[in-house]
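Structure first, then comments.
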């Protein structure tokens, strides 16, 4: 049975070019980059080369690049690190900090959960829903800002629908008001340009395993002049923001993976939006389905589709048995029986939400794979509806 992997927004295979560069640092180049001897300094050189590659990708200074253990850690460091810094500057206790934050209701759990935790410490948080297409209204974000607002967080691309969010519009305003902006760009890298200065971002996160790089490494861009406090203590890595030993093989892979995503690459993969449209159009022709987020600008590789009359969890299992890997949404929410908070924030009815699946394509997707997937999905859905 041929297997089709349509869950690229969860993770991607490591590209051969990336693996080739990582391999020596898994074997002979094993030094700790914090050590001053020969082995350590060779590892340090590789680490700093990767930092330069990431900075080149982001068009920023290498000193603004912080390596973390994951995208989740990077998001937590941006949010909780800023709050910790403010608490240290203003008061002796986080409980007395107060203040206000604005965040979209469709963020990844690694953003939403820290904000929910902060609410327990007396910090007010305004959650902004989207319109029916899955796009946040930038004016609504701006209108929610108060005098005491100290952080705005808005993702670049939604991981479930692929809808591109109006970060640049929000960024212009918050920069004028001197309010820090955090951008989760993890699902944007490799699909659209990611340039923090153009977006108006003070903090921006990446995870290379979404772009044919390795797991176990994340990136946090910290704009020069912005200050954070560490959330993982026990060392002085990356400007004192992290404890622990650098994951050199993964960091090397991160640098190579992001270096591959140049303008030519973005142009080439953007042309594959025609395959996404072919996939959606064929399913709409053959089945009664609804495309979530269809009315908004979306990245080329993501389709979120509702199959009325079918429970998504049941269809997901049936598709896996038939050879197709898809998902209900974020991999970090795998196993949860709760309906998608993203689709609910769009105002979709609960039955539609519970019948929706996400299909996300690798850069190597072909027309033949799309057509084969449509055939298999049609058969599975019709069988379940019967």
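Rounded if a/c is under 1.5, else prolate if a/b beats b/c, else oblate: with a ≥ b ≥ c from the C-alpha gyration tensor eigenvalues square-rooted, which is region 296-386? Judged from the Cα gyration tensor, region 296-386 comes out oblate (a/c at least 1.5, b/c at or above a/b). Relative contact order for region 16-261 using alpha-carbon pairs under 8 Å, separation at least 6, rounded to a whole percent? Over region 16-261, the number comes to 27 percent. Working from label points 7 Å from Cα in the Cα-to-Cβ sense, the residue 352 to residue 364 distance is 3.6 nm. The Cα center of region 337-364 and the Cα center of region 257-285 differ in position by 20 Å. GNM on the chain, alpha-carbon springs under 10 angstrom: the most fluctuating residue among 355, 61, 34 is 34.
Between 203, 267, 57, the GNM of the chain built on Cα springs shorter than 10 angstrom shows 267 fluctuating the most.
Here the simple spin-label model places points 7 Å from the Cα toward Cβ, and for residue 265 and residue 137 these points are separated by 3.8 nm. Label positions at residue 148 and residue 372, each projected 7 Å from the Cα along the C-beta direction, are separated by 5.8 nm.
Placing a label point 7 Å from the Cα of residue 245 along the Cα-to-Cβ direction, the residues of region 29-65 whose backbone N falls under 19 Å from that point are 29-48. Applying 0.36 nm per residue to the separation of residue 32 and residue 297 and subtracting their alpha-carbon distance, the gain on full extension is 91.0 nm. Remark: relative contact order (region 115-188) = 30 percent; criterion is Cα-Cα distance under 8 angstrom and separation of 6 or more residues. Between 58, 26, 199, the residue with the greatest mean-square fluctuation in the GNM of the chain (Cα pairs under 10 Å linked by springs) is 26. Relative contact order, whole percent, for region 145-227 stands at 25, derived from Cα pairs under 8 Å and 6 or more residues apart.
Compared with the alpha-carbon gap, the fully stretched path from residue 63 to residue 317 is longer by 86.9 nm at 0.36 nm per residue.
We did not get these values from a lab; they are worked out from the coordinates using the rules stated. Everything numeric in this text was worked out from a predicted model, so none of it was measured. Here the Cβ is made from the backbone with ideal geometry for all residues, glycine too, and neighbour counts use every protein chain on show.
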